[in-house]
Structures are given as structure tokens and as C-alpha cells.
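The values are calculated or read from the model by the stated rules, or taken from the named source; none is laboratory data. Here the structure is a predicted model, which is why all the values come from computation and not from measurement. Every residue, glycine as well, gets a Cβ built from its backbone with ideal geometry; the counts of neighbours run over all protein chains shown. Remember, those area values only see protein heavy atoms, side chains included, never the ligands or the DNA or RNA. Shrake-Rupley method; radii C 1.70, N 1.55, O 1.52, S 1.80 Å.
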Amino acid sequence: MKLLYIDACVRAQSRSKILADYLLTGLCAQTTCTTTEVILPQLNLQPLNEQTLQHRTSMIAQNHFDDAMFALAKDFAAADLIVIVAPYWDLSFPSLLKLYIEHINVAKLVFRYGADGRPVSLCRAQKLCYITTKGGYNPDDFGYDYIKYLAHNFYQIPSVHLIKAEGLDIIGNDVDAILQQTKSEIDALITSLI
Ligand SMILES: Cc1cc2nc3c(=O)[nH]c(=O)nc-3n(C[C@H](O)[C@H](O)[C@H](O)COP(=O)(O)O)c2cc1C
């Protein structure tokens with residue numbers, strides 16, 4: 001299985017990453033994984049600007065996809081399973097992840113437009129798992145909801161799973177116990193991701 005691991009965790013002591021690493025270890029113990037890691041804090045991705053957007057648009061129009069700028073999109077389209085890990089920031093996720101999405105959403109590589117103007121997926125993945133941790137308890141997660149919407153509507157990934165641990169910054173909460181409980185939920189999920 002080709003596993004794409006997208007890491008948007010900023011802190012060295014990230015609890016979200018602890019959970020994601022637990023999932024990856026469990027997955028790769030149960031099936032043969034070829035893992036591609038995308039560690040977003042290390043990539044120095046820049047927002048598309050007028051110049052880079054024009055360049056990209058021109059390359060796409062000419063079907064020139066050899067440029068290194070398309071490497072992330074190719075990896076995304078080729079994966080069987082996509083795991084995204086991101087902390088819950090400001091009701092969503094760190095902007096690093098939005099930058100990544102900007103870079104991978106390449107027409108003709110990740111999706112194409114159908115005759116009715118709607119996106120048609122060019123991605124192989126049928127499953128995506130999103131892992132997050134939150135300081136408090138908040139029913140709204142515009143980050144996960146956005147990823148889920150993209151997965152269903154752009155990438156046509158039918159099976160989207162959420163793993164979350166909440167209340168980690170609330171004084172008096174037993175963080176280790178919360179993480180342990182979430183690890184049990186991960187154990188239960190693993191077989192359905194393979
Ligand atoms: C910039 C920033 C924004 C945050 N925004 C929220 C928030 O809107 N709601 C919330 O419950 N916690 C918020 N938190 C707390 C984090 O969600 C929480 O500490 C989480 O576990 C961090 O994940 P990590 O340990 O993987 O870095 C925020 C933390 C930071 C640093």
C-alpha cells in the first residue's frame with residue numbers, strides 16, 4: 001500500500017503527531033506500506049503569487065508536468081491511503097496545510113474538470129484519515145470539514161475518517177489518559193484503513 005503521510009504539526013512536542021505516529025506504526029505492522037512523508041514545516045512552501053501562478057498555469061496548459069513544482073501533487077494522486085495530521089488552530093488547521101492544498105490542487109494531475117464543469121478525481125486513494133488534537137472542546141472544526149469536503153468533491157475519496165483528542169489544554173484534564181483513549185480508537189480503525 002502506498003501511504004502518503006502529510007504532517008502539518010508545528011510543535012516539536014506535538015500531541016497530534018504522537019497519535020499519527022501511533023497510527024502509522026500500527027498500519028505498517030499489519031500491511032506492507034511504502035510511506036511518503038510530507039513534513040510541511042520543513043518544506044518552506046510559499047503562497048502562489050501572480051508570477052508562480054502564471055508559470056504553473058502555462059505549464060498545465062502545455063501538459064508539462066516534469067517541473068519539481070508538481071512533485072507534491074503527483075505523490076498525492078498516486079497514494080492509496082492519505083493520512084493528514086494537523087493540530088486544531090483557530091477553529092481550523094495551521095495555514096501550512098492550506099498552502100499544501102494550494103500546491104497539490106493541480107488540474108490534470110489531481111483532478112480534471114468534467115463536461116459539466118465539476119471536478120473529476122484523478123486520485124487513486126479511496127481512504128483518507130485526518131488526525132487532530134484540540135486544546136478545548138469545540139464542535140466546529142472548519143479544518144476537518146474542509147478536508148472532508150475536498151476529499152468527497154475534488155478527490156472523490158469516499159471513506160474519510162476523523163481521529164481527534166480534545167480538551168488537552170484544560171487544566172485538570174489527564175492528557176495521557178485522553179491520548180491513550182484515542183489510541184484505542186486508532187486500534188479499532190486500523191483494519192478499516194487497510
Ligand atoms: C495558534 C494556536 C491556535 C489554537 N487555537 C485553538 C482553538 O481555536 N481552539 C482550541 O480548542 N484549541 C486551540 N489551540 C490549542 C491546540 O488545539 C492544542 O494545544 C493542540 O493539542 C495542539 O496540538 P499539538 O500538540 O499537536 O501541537 C490553539 C493552539 C495554537 C498554538
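So which residues in region 65-122 are small (Gly, Ala, Ser), open to solvent by 40 Å² or more (accessible area, probe 1.4 Å) and within 16 Å of the ligand (Cβ to nearest atom)?
95
Which one of these is over 11 Å from residue 127 (Cα atoms), touching a Phe, Trp or Tyr at 6+ places or on another chain (Cβ under 9 Å) and assigned to a helix (DSSP H, G or I): 186, 163, 170?
After ruling out the rest, the residue left standing is 186.
Just to be sure, is residue 137 modelled with pLDDT of 95 or more, among the aromatic types (Phe, Trp, Tyr) and open to solvent by less than 50 Å² (accessible area, probe 1.4 Å)?
Considered against the rule, which asks whether it is modelled with pLDDT of 95 or more, among the aromatic types (Phe, Trp, Tyr) and open to solvent by less than 50 Å² (accessible area, probe 1.4 Å), residue 137 comes out as no.
Could you name every one of the helices (runs of 4 or more DSSP H) located completely within region 1-93 that has at least 3 residues being touching a strand residue (DSSP E or B) at 6+ places or on another chain (Cβ under 9 Å)?
By residue number, 15-30, 71-78.
Give the residue that is farthest from residue 118 (Cα to Cα), with candidates limited to residues of region 128-160 that are out of contact with any helix residue (DSSP H, G or I) (no Cβ under 9 Å at 6 or more places or on another chain), away from the ligand (no atom under 13 Å from the Cβ) and not in a helix (DSSP H, G or I).
Step by step, filter region 128-160, then rank; the result is 156.
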